[in-house]
Every structure is written in structure tokens, then in C-alpha cells.
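Novice: Please find one structure pasted underneath; my questions will follow.
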Amino acid sequence: MEHAKNYVDLVVETFQLNQESQVIEIASNDGYLLQYFVAKSIPVLGIEPAVNIAEVAIKKGIPTVVKFFGQQTDQEQVAKGKQADLLLGNNVLAHTPYLNDFVKGMKIILKPHGVITMEFPHLMRLIEENQFDTIYHEHFSYFSFLTVEKIFAAHGLTIFDVEELTTHGGSLRIYARHNEDYSKPVSQQVSELKYREDAAGFMQLEYYFSFGEQVKETKRKLLDFLIKVKREGKSIVGYGAPGKGNTLLNYCGIRTDFLDYTVDRNPYKQGQFLPGTHIPIFHPDKIAETKPDYVLILPWNLKTEIITQITYIRDWGGQFVVPIPEVNIYS
């Protein structure tokens, strides 16, 4: 929520958005981000395909079109007089199986001097920090900056600026415009990131070949740690039930023989089981009841927040385990 609010404050000031502007968000969810534009009296429109989630946004007073984003939806909105001064999408680009249709749609719905901002996990961070557990079925693509630039260019869009963010283990926020809009020059950050990716080998297939072995070694190290802990007669439980956690646990073959249970603050997950591993999910209070020796943090990108939430495990000598980029123990 803080990340969303800070973003809104930034773009409103940078692009001088006001009551005459139109903000459109792709995959607008329950309106958690657009509400900050509404609070500034800036007109918004959400495009969200999930009916139940869109209804929550509509009840908050956030206009929402319940459809998938793409050329057809965008042409319909343009015909109704809706075009974006700011078109944004956070953590949606990697989720679309129809990437070209998706980017073409952006071109259609963007005003001549409008701006696109998109946030997505950065492939450079995924590989360099061994974040293989972020590879799962909801993601159809994993983007380097060089790749995204080529895709946007193919549809008449120029990326003129980029920021590197800490969210989701390391993300990019790109800023794009129509090719014809020369009022927004390409920044030095664009050139620098392209140079770094090129120098690292992102345009060479060989760069990617070593990743598989790196992932296998991470699995071996995590299993070595778990086997050692269990042989010492100590207990270990999980914190969180995220998608990335299921990738990690299933790939490593970690079930209740290693992990007694996991916990999650989401009430819809409590009382259920993790898919594949059948590890039970409880309320976080379970940790205080059973006093485990170790807590394995599955949403490692939120480790600082989680350690703060359950710092009380230190009262009985409990320790935190973070599995990515490799096994680290925090007392």
C-alpha cells in the first residue's frame, strides 16, 4: 500500500496530472492503487478481468471495466472517449499469454502525449540472486530490459526511462511513450541498464545455461541443512503459503518429513494444505504454541517484515531461515 501511494505521489507531480487527466490501470485488482488517485480528484478507470475483485473496486467508487486488457477492449474504450494520460500496470506484463496483443492495446489506448508505466520482476535479479522459485505457472514471461524494449519498439512505443525497484525481489519500472512523442527524451538510465545487461551476457544463450546448475546446487544446500536439523532432533516450520513457496518445496521434495507445517495470515489459506507437498497451513499463532527451533520464510522478499512480526521466536532461541539466494540463518 505504501509502495502504491508513493508511486501515485511521484507520477502526479512528475507528469502534472490533475482533474482533467485520465488514469487507466491494467489489472486494477480491488482498486488498492487507483484509490490514491481518486483521493486527489483525478479521474480513473480500472480494467480488471476478475469479476469478484472488480466488484470490490466498484463498491469503493472506482469505475472498473470487467474485461481482459487487449486490442478489442481498448478499441471499445477509445470509442467511448476513454484514452489515458497515464496508463499503468503493475505485475501484469509477465502474466499475459498474448503479449503482442497486450502491447498493441497499450498503443491504442494511450493519448498522443500520454505515458505508460509498467512494473515487473527483473530477469537480471532472478538469475543473479537465484530466484528460481519465482518461476511458476502464472508467469508466461521473464523480462530483461533489452527484451522489453524490443517488444515495445515493435509496436511503436519507446521506453524513455527506467527505475530499479526492490519489490518482488527486484523489479523494473519502465516509462514508455509513443515513438512520435519527442517531448520525453530517453534518459541516461536506459542506456546504462542496457549496457549492464549486454555486458552481463543477456543477449547470449550461453549466459542462461549455467542457471540450471545453480538452481540444483541451491536445492542440495537447502536439503543438507534440513537433513542436519532433523537429525539433531530439532523442529522446523514454514511461514507463508505463497506461489513461490510451492515451487521451492515441490522442486526440493520438502514435505512434512522436514516441515511440520506452515502458517499464513490470509484466513482463506488457513485450514488448507499446500499443493503437492500437503503441508498443513495454520494461523500464525501456531508458532507461539509449538515453539519451533527454526522458521523457514517462504516469501523471502518480505523477510524483514516477517522477522519483525514474529521476532518473539527469539524468546525460546528460535531462528529464521531464508532459502534464497542460498540458505541463510538469522538469529
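Novice: Condition check: under 29 Å from Leu302 (Cβ atoms), open to solvent by 70 Å² or more (accessible area, probe 1.4 Å) and part of a loop (DSSP other than H, G, I, E, B). Does Lys40 satisfy that? Break it down stepwise before answering.
Specialist: On the way: under 29 Å from Leu302 (Cβ atoms): yes; open to solvent by 70 Å² or more (accessible area, probe 1.4 Å): yes; part of a loop (DSSP other than H, G, I, E, B): yes.
It is true that Lys40 is under 29 Å from Leu302 (Cβ atoms), open to solvent by 70 Å² or more (accessible area, probe 1.4 Å) and part of a loop (DSSP other than H, G, I, E, B).
Novice: Can you confirm whether Gln35 is exposed (fewer than 14 other Cβ atoms within 10 Å of the Cβ) and either in a loop (DSSP other than H, G, I, E, B) or on the phi < 0 side of the Ramachandran plot (or both)?
Specialist: On the way: exposed (fewer than 14 other Cβ atoms within 10 Å of the Cβ): no; either in a loop (DSSP other than H, G, I, E, B) or on the phi < 0 side of the Ramachandran plot (or both): yes.
When the stated conditions are applied, Gln35 does not pass them.
Novice: For Thr167, indicate whether it is open to solvent by less than 60 Å² (accessible area, probe 1.4 Å), touching a strand residue (DSSP E or B) at 6+ places or on another chain (Cβ under 8 Å) and under 23 Å from Val327 (Cα atoms). Can you show your working first?
Specialist: Details: open to solvent by less than 60 Å² (accessible area, probe 1.4 Å): yes; touching a strand residue (DSSP E or B) at 6+ places or on another chain (Cβ under 8 Å): yes; under 23 Å from Val327 (Cα atoms): yes.
In short, yes.
Novice: Looking at Gly46 and the list (1) assigned to a helix (DSSP H, G or I); (2) open to solvent by less than 10 Å² (accessible area, probe 1.4 Å); (3) farther than 17 Å from Arg173 by Cα, which single condition is not satisfied?
Specialist: Result: Gly46 passes all but (1).
Novice: Moving on to the next point. Take the residues in the stretch 92-118 that are assigned to a helix (DSSP H, G or I) and either polar (S, T, N, Q) or surrounded by 23 or more Cβ atoms within 10 Å (Cβ to Cβ) (or both), then tell me which one is farthest from the chain's Cα centre (by Cα). Break it down into steps so the answer makes sense when it comes.
Specialist: Let us first name the residues in the stretch 92-118 that are assigned to a helix (DSSP H, G or I), namely 93-95, 99-109.
Imposing the further condition that a residue be either polar (S, T, N, Q) or surrounded by 23 or more Cβ atoms within 10 Å (Cβ to Cβ) (or both) reduces the set to 93, 100, 103, 105-106, 109.
Working: Leu93: 10, Asn100: 21, Val103: 19, Gly105: 22, Met106: 20, Ile109: 24 Å.
Within the stretch 92-118, the match that is farthest from the chain's Cα centre (by Cα) is Ile109.
Novice: Checking the structure you have, find out if any residue of the stretch 306-326 is among the charged types (D, E, K, R) and surrounded by 15 or more Cβ atoms within 10 Å (Cβ to Cβ).
Specialist: Looking only at the stretch 306-326, we keep the residues that are among the charged types (D, E, K, R), and these are 314-315, 326.
Applying the additional criterion that residues be surrounded by 15 or more Cβ atoms within 10 Å (Cβ to Cβ) yields none.
No; the residues of the stretch 306-326 include none that is among the charged types (D, E, K, R) and surrounded by 15 or more Cβ atoms within 10 Å (Cβ to Cβ).
Novice: Then there is this: When the residues of the stretch 74-83 are filtered to those that are of a type outside the set (Lys, Arg) and over 12 Å from Gly46 (Cβ atoms), which remaining residue is nearest to the chain's Cα centre (by Cα)?
Specialist: Initial filter on the stretch 74-83 (of a type outside the set (Lys, Arg)): 74-79, 81, 83.
Then drop every residue that is not over 12 Å from Gly46 (Cβ atoms), which leaves 74-76, 78-79, 81, 83.
On the way: Asp74: 24, Gln75: 28, Glu76: 29, Val78: 29, Ala79: 32, Gly81: 31, Gln83: 26 Å.
By that ranking, first place goes to Asp74.
Novice: Another question, if that's okay. Determine, yes or no, whether Glu192 is within 25 Å of the chain's Cα centre (by Cα) and either loosely packed, with under 12 Cβ neighbours inside 10 Å or in a loop (DSSP other than H, G, I, E, B) (or both).
Specialist: Working: within 25 Å of the chain's Cα centre (by Cα): yes; either loosely packed, with under 12 Cβ neighbours inside 10 Å or in a loop (DSSP other than H, G, I, E, B) (or both): yes.
Taking the combined requirement at face value, the residue satisfies it.
Novice: Take the residues in the stretch 168-188 that are under 22 Å from the mean Cα position of the chain (by Cα) and within 26 Å of Gly105 (Cβ to Cβ); name whichever of them is modelled with the lowest pLDDT. Step through it out loud before you land on a result.
Specialist: First, pick out the residues of the stretch 168-188 that are under 22 Å from the mean Cα position of the chain (by Cα): 168-176.
Now narrow it down to the ones that are within 26 Å of Gly105 (Cβ to Cβ): 168, 171-176.
Values: His168: 76, Ser171: 95, Leu172: 97, Arg173: 98, Ile174: 98, Tyr175: 98, Ala176: 98.
Filtering the stretch 168-188 for residues that are under 22 Å from the mean Cα position of the chain (by Cα) and within 26 Å of Gly105 (Cβ to Cβ), the one modelled with the lowest pLDDT comes out as His168.
Novice: Pairs needed: first member in the stretch 192-211, touching a residue at least 40 places away in the same chain (Cβ under 8 Å); second member anywhere, of a type in the set (Phe, Trp, Tyr) and surrounded by 14 or more Cβ atoms within 10 Å (Cβ to Cβ); C-beta distance under 6 Å; at least 6 residues apart or different chains.
Specialist: Short answer, once both residue conditions are applied: Leu193/Phe145; Glu197/Phe145.
Novice: Quick check on my filter: what residues within the stretch 49-87 are open to solvent by 20 Å² or more (accessible area, probe 1.4 Å), within 17 Å of Leu34 (Cβ to Cβ), among the hydrophobic types (A, V, I, L, M, F, W, C) and assigned to a helix (DSSP H, G or I)?
Specialist: Ile53, Val56, Ile58
Novice: Considering only helices (runs of 4 or more DSSP H) fully contained in the stretch 197-304, which possess at least 2 residues that are open to solvent by 80 Å² or more (accessible area, probe 1.4 Å) and within 24 Å of Asp315 (Cα to Cα)? Reasoning before the result, please.
Specialist: Working: elements: 206-209, 211-231, 243-252, 285-290.
Hits in the stretch 197-304: 211-231, 285-290.
Novice: So Val65 clears everything in (1) without any contact (Cβ under 8 Å) to a residue 40 or more places away in the chain; (2) out of contact with any helix residue (DSSP H, G or I) (no Cβ under 9 Å at 6 or more places or on another chain) except one condition, right? Which one?
Specialist: Here Val65 meets the rest and fails (2).
Novice: Name, by its number, the condition in (1) part of a strand (DSSP E or B); (2) open to solvent by less than 30 Å² (accessible area, probe 1.4 Å) that does not hold for Pro121.
Specialist: (2)
The values are calculated or read from the model by the stated rules, or taken from the named source; none is laboratory data. Because the structure is predicted, anything quoted here is derived from the model rather than measured. Glycine gets a Cβ as well: all are built from the backbone with ideal geometry, and neighbour counts include every protein chain shown. Each accessible area value is taken on the protein alone, full model and side chains, heavy atoms only, with ligands, DNA and RNA left out. Shrake-Rupley method; radii C 1.70, N 1.55, O 1.52, S 1.80 Å.
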